[in-house]
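Following: one structure in structure tokens, then a few remarks.
The values are calculated or read from the model by the stated rules, or taken from the named source; none is laboratory data. Note that the structure is predicted; figures quoted are calculated from it, not measured. Every residue, glycine among them, receives a Cβ derived from its backbone with ideal geometry; neighbour counts consider all protein chains shown.
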Amino acid sequence: ALDGPKQRMKVFVTRRLPPEGQKLLSKSDLDVQQWDSDDVIPKEELLKGIEGADGLLCLLTDTIDKEVVDAAGPKLKVISTLSVGFDHLALDEIKQRGIKVGSMQHLSTDVTAELAVTLLLTTCRRVPEAMEEVRNGGWKTWSPMWLCGYGLSDSTVGVMGLGRIGLGIAQRLKPFGVKRFLYTGIPPCLKSVEELKAELVSTEKLAEESDFVLVSCPLTPETAGLCNKDFFQRMKKTAVFINTSRGPVVNQEDLYQALVTGQIAAAGLDVTTPEPIPTDHPLLTLKNCVILPHIGSATHGARNAMSVLAVNNLLKGLAGEVMPGGIEL
Ligand code: DGY
């Protein structure tokens, strides 16, 4: 029989995308089905929507587990995620089915490192607390020890997980007069590590000797819960803890105890467990805890560029070509 018109490939997109990615997607000849909303797609809608799809474009808020890939069926060839992290993807299931995965690679490195520095300075100089004092009439006079925090000059900074983002954080902090950099993890560039004179140390030593600890490692079975009671007990009482990676790297109850008992000075988190953190969570009652709503890569430029890369990963992957942000499984 003669072939009818060629069937367009179906892709399912789990959210409304930033404008540039959305524009690129609309120009493609794919059959695009989309959860056209700024809210997270409910699981049952995802299971329905992905049925028979050749490609999936998802977000870090979508858990892509066995149930989802099973619901997709055998045609699913490509998963493109609008994130650097891919801890929300069941990689073993995905690999078994020969599905290719694309993520963001370097695209959000600079903005996320910038946000980590922002959060560090905000936390160690107690900015939200100070602003609150101005509003609530707590500002009575200039007072020698009022709202004193900790500065970066001559300090030791420990970066847990010195990958691309961790290196970006250290490079940005160097001009603040940091004396010593400690790190764990596998650096992307040894020359840059030498320039920083950064020292590779154990997690324990990093906790013990750092004035500022910044977590920027991926979430894996090895890093889950790594910042726990033992870790915080090793930290200096004057030290400040910052997490911009993934919430589950931190045991939040242990962190709460460390902050309440003065085991550490303060914490700044851009990521929590769960997200969003419930508004009645005990951490939100603490003045020495600054929490942001996972905005590491939230600039117009980065999010648009990320969406373009996510769509390109999808298009290239479906065309059987090399994905610009393809990851090794
Ligand atoms: C990521 O890309 O994984 C971040 O957490 C969000 O930008």
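Applying the set (1) within 26 Å of VAL40 (Cβ to Cβ); (2) assigned by TED's automatic domain parsing to the domain that holds THR122; (3) touching a Leu at 6+ places or on another chain (Cβ under 6 Å) to LEU284 leaves exactly one unmet item: (3). Could you say whether any residue in the range 264-280 is free of Cβ contacts under 8 Å to residues at least 60 places away in the same chain, away from the ligand (no atom under 16 Å from the Cβ) and closer than 28 Å to CYS148 by Cβ? Yes, there is a match, as at least one residue in the range 264-280 is free of Cβ contacts under 8 Å to residues at least 60 places away in the same chain, away from the ligand (no atom under 16 Å from the Cβ) and closer than 28 Å to CYS148 by Cβ.
Residues of the range 44-66 being in a loop (DSSP other than H, G, I, E, B) and either more than 30 Å from ALA298 (Cα to Cα) or hydrophobic (A, V, I, L, M, F, W, C) (or both), which ones? Of everything in the range 44-66, those that are in a loop (DSSP other than H, G, I, E, B) and either more than 30 Å from ALA298 (Cα to Cα) or hydrophobic (A, V, I, L, M, F, W, C) (or both) turn out to be ILE50, GLU51, GLY52, ALA53, LEU59, LEU60.
Condition check ((1) in a helix (DSSP H, G or I); (2) in contact with an Asp or Glu (Cβ under 6 Å, 6 or more places away or on another chain); (3) within 16 Å of the ligand (Cβ to nearest atom)) across all residues:
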site	(1), (2), (3)
ASP110	yes, no, yes
LEU115	yes, no, yes
THR118	yes, no, yes
ALA130	yes, no, no
PRO144	no, no, no
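For the range 264-311, the candidate set comprises residues that are polar (S, T, N, Q) and assigned to a helix (DSSP H, G or I); within that set, the residue that is surrounded by the most Cβ atoms within 10 Å (Cβ to Cβ) is SER307. Within the range 85-104, the set of residues being in contact (Cβ under 8 Å) with a residue 60 or more places away in the chain and either within 16 Å of the ligand (Cβ to nearest atom) or in contact with a Pro (Cβ under 8 Å, 6 or more places away or on another chain) (or both) comprises GLY85, PHE86, ASP87, LEU91, VAL101, GLY102, SER103, MET104. Here ARG126 qualifies as touching a residue at least 40 places away in the same chain (Cβ under 8 Å), in the same structural domain as ALA113 (by TED's automatic domain parsing) and basic (Lys, Arg). Every listed requirement among (1) out of contact with any Gly (no Cβ under 6 Å at 6 or more places or on another chain); (2) in a helix (DSSP H, G or I) is met by THR123 save one, (1).
Taking the conditions (1) closer than 28 Å to SER297 by Cβ; (2) assigned to a loop (DSSP other than H, G, I, E, B); (3) without any contact (Cβ under 8 Å) to a residue 24 or more places away in the chain in turn, ILE41 satisfies each one other than (3). Within the range 67-81, is there a residue that is modelled with pLDDT of 95 or more, within 16 Å of the ligand (Cβ to nearest atom) and assigned to a loop (DSSP other than H, G, I, E, B)? No - not one qualifying residue is present in the range 67-81. Against the test of being over 19 Å from GLY149 (Cα atoms), surrounded by 14 or more Cβ atoms within 10 Å (Cβ to Cβ) and more than 16 Å from the ligand (Cβ to nearest atom), the options GLU222, GLU208 yield a single qualifying residue, GLU208.
Condition check ((1) closer than 16 Å to LEU60 by Cβ; (2) touching a Lys or Arg at 6+ places or on another chain (Cβ under 9 Å)) across all residues:
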residue	(1), (2)
PHE212	no, no
LYS229	no, no
ALA239	no, no
ARG246	yes, no
ASN251	no, yes
THR273	yes, yes
THR285	no, no
VAL290	no, yes
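Summed over the range 25-74, the residues that are closer than 14 Å to LEU314 by Cα, out of contact with any Lys or Arg (no Cβ under 8 Å at 6 or more places or on another chain) and surrounded by fewer than 15 Cβ atoms within 10 Å (Cβ to Cβ) give a count of 2. Here THR184 passes the criteria (1) among the hydroxyl-bearing types (Ser, Thr, Tyr); (2) touching a residue at least 40 places away in the same chain (Cβ under 8 Å); (3) within 23 Å of LYS236 (Cα to Cα) except the one numbered (2).
The set of residues from the range 87-106 being crowded, with 21+ Cβ neighbours inside 10 Å and either modelled with pLDDT under 95 or within 11 Å of the chain's Cα centre (by Cα) (or both) comprises just one member, MET104. Look at the range 246-259: where a residue is on the phi < 0 side of the Ramachandran plot and a partner is among the hydrophobic types (A, V, I, L, M, F, W, C) and in a helix (DSSP H, G or I), sitting 6+ places away or on another chain with Cβ atoms under 6 Å, you get ASP254/PHE232; TYR256/LEU283; ALA258/PHE232.
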